[in-house]
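Asker: The structure under discussion is supplied below as structure tokens; questions concerning it will follow.
The values are calculated or read from the model by the stated rules, or taken from the named source; none is laboratory data. From a predicted model like this one, the values you see are computed outputs, not experimental measurements. Because the Cβ atoms are built from the backbone with ideal geometry, glycine has one as well, and the counts that use them run over all protein chains shown.
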Amino acid sequence: MKVNAYAAPQAGAPLAPTTIERRAVGTNDVLIGIEYAGICHSDIHTVNGDWGPQPFPLVPGHEIVGTVTEVGSEVTTHKVGDRVGVGCMVNACRECANCLRGDEQYCLNGMVGTYAATDRDGTTTQGGYSTDVVVDADFVLSIPEGLDAAAAAPLLCAGITTYTPLKHWDAGPGTRVAVVGLGGLGHMAVKIAHALGAQVTVLSQSLKKQEDGLRLGADHYYATSDPDTFEALESSFDLIINTVSAGIDVNAYLGLLAVDGTLVNVGAPPEPFQVDAMSLIGARRSFAGSMIGGIALTQEMLDFCAEHAIASEVEVITADQVNEAYERVLASDVRYRFVIDTSTI
Ligand code: NAP
Ligand code: ZN
Ligand code: ZN
């Protein structure tokens, strides 16, 4: 079927309306009428070629919420009318050790991204800035009742990307967590870490968003542009989640970790980091990374957010505002996620 979409025609070019082909609904597929699609900074990295050459024209979008409009004959998990979500993955082998453990994002045979990836049938995937999508039922999440559809969309990437390391590194009562960067991922990290019971500190470039940060659940807020911050907070965190989309001085942040502390990097800038051995060995510190999260954990995160009444702070836009929204994200002028109302495509 032909559906309306917004695509980047080539690297760095503005997105424009187009039509794309979606596959016929297979026996284990779900057809979703998309309602909202979040704008993740990864969409911008991809379109701008930060991560290397991509297949164009390219429809970004991996924070998708919509309603099921058709299901294949073997689908038992979702039915017509259900509110569902799709995140960053639409396929994986489901048989390798990592898939069997629930880490489909680390599939040894290659997970299939929601856009700009080659699916297992050889076609190129196209993302959520469109009106409809066909996805294998095993990669379709249920959106719990009580979550607003637009505010739930960013949970499918920003939510799971921050929930996963917070759970993996045991954030909870008694844990001192710092979140670097208060953007799409950062604001979800603050909300989730607070809901898990951790003590939360935001490390932002300035104090411009301090009031918001404290309202979202942070206990403390510091500006990283102030050199005193790094002295005042030396050796004081168990876990730091870095969500910055650009390079940072990793060694300065490692110095903020207590003994056995971990700096988990989820930001994905194109340039490599410089890590000084001394920053690690002086306090048995770890420097780690984490990518999104498995399907079962994504459902757990959605249920957790519904239970704690948390979702994203969103600015809903029409499709023709996408390019302007990209500019604002690049200028760190987002509070705290742009979400496209896909009925305007
Ligand atoms: P975002 O909304 O743009 O937030 C990034 C924040 O980083 C900004 O709001 C800003 O916060 C801070 N920042 C930006 N430029 C900076 C600079 N030059 N120096 C210091 N701080 C800066 O982006 P996002 O959607 O949250 O994504 C963040 C990063 O995570 C991107 O690189 C994205 O590709 C990556 N990502 C990774 C995964 C994964 O699985 N690991 C998943 C999704 C996204 P302040 O204004 O508060 O300083
Ligand atoms: Zn994303
Ligand atoms: Zn696998």
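Asker: In the set 132, 138, which member is in contact (Cβ under 8 Å) with a residue 24 or more places away in the chain and farther than 22 Å from residue 305 by Cβ?
Answerer: 132
Asker: Follow-up question, since we're still on this one. State which residue is farthest from ligand 3 (Cβ to nearest atom) when the search covers only segment 262-280 and only residues that are closer than 13 Å to residue 51 by Cα and touching a Gly at 6+ places or on another chain (Cβ under 6 Å).
Answerer: Going residue by residue through segment 262-280, those that are closer than 13 Å to residue 51 by Cα are 267-272.
This time we only want the ones that are touching a Gly at 6+ places or on another chain (Cβ under 6 Å), so: 269, 271.
Values: 269: 27, 271: 30 Å.
Per the stated criteria, the residue is 271.
Asker: Any idea which of 316, 322, 244 is within 12 Å of ligand 1 (Cβ to nearest atom) and either modelled with pLDDT of 95 or more or assigned by TED's automatic domain parsing to the domain that holds residue 165 (or both)?
Answerer: Testing whether each residue is within 12 Å of ligand 1 (Cβ to nearest atom) and either modelled with pLDDT of 95 or more or assigned by TED's automatic domain parsing to the domain that holds residue 165 (or both) leaves just 244.
Asker: I'd like the full set of residues that are over 14 Å from residue 292 (Cβ atoms) and either within 16 Å of ligand 2 (Cβ to nearest atom) or touching a helix residue (DSSP H, G or I) at 6+ places or on another chain (Cβ under 8 Å) (or both), limited to segment 92-108.
Answerer: 93, 94, 108
Asker: Assess whether residue 304 counts as being surrounded by 17 or more Cβ atoms within 10 Å (Cβ to Cβ) and either away from ligand 2 (no atom under 16 Å from the Cβ) or not in a loop (DSSP other than H, G, I, E, B) (or both).
Answerer: Judged against the criteria, residue 304 is a match.
Asker: Further question on the same structure: I want to confirm something. Restricting to segment 50-72 and keeping residues that are touching a Pro at 6+ places or on another chain (Cβ under 9 Å), under 26 Å from residue 244 (Cα atoms) and not acidic (Asp, Glu), which single residue is surrounded by the most Cβ atoms within 10 Å (Cβ to Cβ)?
Answerer: Going through the qualifying residues, I end up with 58.
Asker: Restricting to segment 117-134, what's the tally of residues that are closer than 20 Å to residue 295 by Cα and crowded, with 22+ Cβ neighbours inside 10 Å?
Answerer: Within segment 117-134, the subset closer than 20 Å to residue 295 by Cα is 117-120, 125-128, 133-134.
Still in the list and also crowded, with 22+ Cβ neighbours inside 10 Å: 126-128, 133.
Number satisfying all stated conditions: 4.
Asker: Right, something else. So which strands (runs of 3 or more DSSP E) stay within segment 7-74 end to end and still have 1 or more residues that are within 13 Å of ligand 1 (Cβ to nearest atom)?
Answerer: In segment 7-74, the matching strands (runs of 3 or more DSSP E) lie at 29-38.
Asker: If you don't mind, another one. Does segment 73-119 hold any residues that are within 14 Å of ligand 3 (Cβ to nearest atom), in contact (Cβ under 8 Å) with a residue 40 or more places away in the chain and more than 21 Å from residue 159 (Cα to Cα), and which are they?
Answerer: Within segment 73-119, 94 is the sole residue that qualifies.
Asker: OK, next. So which residues in segment 258-293 are in a loop (DSSP other than H, G, I, E, B) and touching a strand residue (DSSP E or B) at 6+ places or on another chain (Cβ under 8 Å), if there are any at all?
Answerer: The answer is 266, 267, 273, 275, 283, 284, 285, 290, 292.
Asker: Now a separate question. Kindly indicate whether any position in segment 115-126 is outside any loop (DSSP other than H, G, I, E, B) and either farther than 24 Å from residue 37 by Cα or within 14 Å of ligand 2 (Cβ to nearest atom) (or both).
Answerer: no
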